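Below is one structure; the comments refer to it alone.
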Amino acid sequence: MKGKLTILFFMVGMGITLAQKKLWTLEECVDYALENNITIEQFRLDLEMATIDKSDAIGDFLPNLNGTLNGQSNTGLSFDPTNNQPVNTTQITSSGSVSSSINLFNGLRNIHRLNRAKLNTIANRYRLDDLVNDVRLNVAIAYLNILSNKEALKVAKALYAVTEQDLNRTKELVESGVVAQGDLLDIEATAATREQQIINAENEVLISIIGLAQLLQITDYENFDIATEVYEVPPTDIMKNTPKIIFDEALGYRWDIKFNETNVEIAKKDLQIAKGAAYPSLDAFINYNTRYSDQFLDPITGDLIPFKDQLWINDGIAFGAQITIPILNGFNTRNGIKRSRINVKKAQLQLEQNKLDLETNINQSYVDVINSSKAYEAALKTREARVLALNYSKERFDVGIMNSFDYSQAQSRVDNAEAEVIRTKFDYIFRIKVLEFYFGLPIVLN
């Protein structure tokens, strides 16, 4: 019974371990990154703040409404607030008022502030969308890096398996006297080198997995891994477009460009707000107030007038308008206008610079796709030639015509060719995806 329980607990533990070992697809990695990225969350909060600022700007068009209540007790000489007569006694008084004011004109600054708040909300949305795109691209790059390292590890293990077969065969040849003992030592050294290559490749896989996990802000590195799939160079029509077409398409959707365009409009609104400070402002107001005193007596009966009667007897309404004309404020208004004009020019220059950078990056990416395609094709041809040469060398080595050193050199050339194929393949995939990214296509690997 005890043995059965041990086996049961072991199986449950294995089930928990297997359940924890989730294999992440690229889509899952991207979705997780978008949900847990701290910078994205900060930008979302900035967008919420911009929405609140927009609500504040709308509220500036509405009249304000305020109420006040006051109650106090005075002993000794004081003035009765109901008749402004001096009294020398203890009296209890209270007063209350309701006031409201509204701005009628302030150089259209309220309208410009509202339009600016709307633009700022749009700008924050563009900034958030641009960051989301960058996160998608960075996750895809890290994901491709893991795939590249895993494929390199797979090749390293396959090469070690071939070397292990050569080692066993060489031992038989040494025992039969066909090849010298030194050849066996060379093959053993080659096998040791292959083992070291496997260890290095495993380290590269581990480091790249940790890099992606950190990008996703996952700390459980041991149980994090991606789905192992074979990815070939994807078919694409992106090269049917010229760099100019891709650039024009990017201008229409790139959120960073739209963000800079909106910043130009915001700077122009700031200039209009600054100019509005030079105009007079007109405000209207209305005030209702009333008061009570325990010394306010009926002149006929001499009795204290009741509280509610005093409220309407002593009430009053004041209303009017006020105009404020700016005359001299230490050059603040003039300098504010100058600063705003400079900020408009800076925003326009920043927009033009970002467009130039985007055009440069697209042209460079276009050339990179062409060069990486040629490099990948050349690597495939080189590998094919190296494999044929190795097969020929193997035949010569098996019959004792070629020594182990020359044979190991032929194998090393195949190793280098295999590594170059992997490098150029994933570099080609990456370059394609970057160019498609500029064109607005979604980042998918299959």
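For region 359-373, does any single residue satisfy the condition of being farther than 26 Å from LEU251 by Cα, modelled with pLDDT under 95 and surrounded by fewer than 19 Cβ atoms within 10 Å (Cβ to Cβ)?
yes
Only one of LEU441, LEU388, LEU380 is under 30 Å from ALA250 (Cβ atoms), surrounded by fewer than 20 Cβ atoms within 10 Å (Cβ to Cβ) and either modelled with pLDDT under 85 or among the hydrophobic types (A, V, I, L, M, F, W, C) (or both). Can you tell me which?
After applying the criteria, what remains is LEU441.
Go through region 84-112 residue by residue and tally those that are touching a Ser or Thr at 6+ places or on another chain (Cβ under 8 Å), in a loop (DSSP other than H, G, I, E, B) and not hydroxyl-bearing (Ser, Thr, Tyr).
Number of matching residues: 2.
For ASP283, only one of the following conditions fails: (1) assigned to a helix (DSSP H, G or I); (2) in contact (Cβ under 8 Å) with a residue 60 or more places away in the chain. What is its number?
(1)
Search region 100-124 for residues being surrounded by 18 or more Cβ atoms within 10 Å (Cβ to Cβ) and in contact with a Gly (Cβ under 6 Å, 6 or more places away or on another chain), and hand back the single one that is nearest to SER55 (Cα to Cα).
It comes out as ARG109.
With respect to ASN361, is the statement that it is of a type outside the set (Gly, Ala, Ser), in the same structural domain as LEU137 (by TED's automatic domain parsing) and farther than 23 Å from GLU188 by Cα true?
yes
Within region 291-313, is even one residue in a helix (DSSP H, G or I) and within 30 Å of ALA274 (Cα to Cα)?
Looking through region 291-313, none of the residues is in a helix (DSSP H, G or I) and within 30 Å of ALA274 (Cα to Cα).
The values are calculated or read from the model by the stated rules, or taken from the named source; none is laboratory data. Everything quoted here is computed from the prediction, not taken from an experiment. Cβ sites come from the backbone with ideal geometry, for glycine too, and all protein chains shown count toward neighbours.
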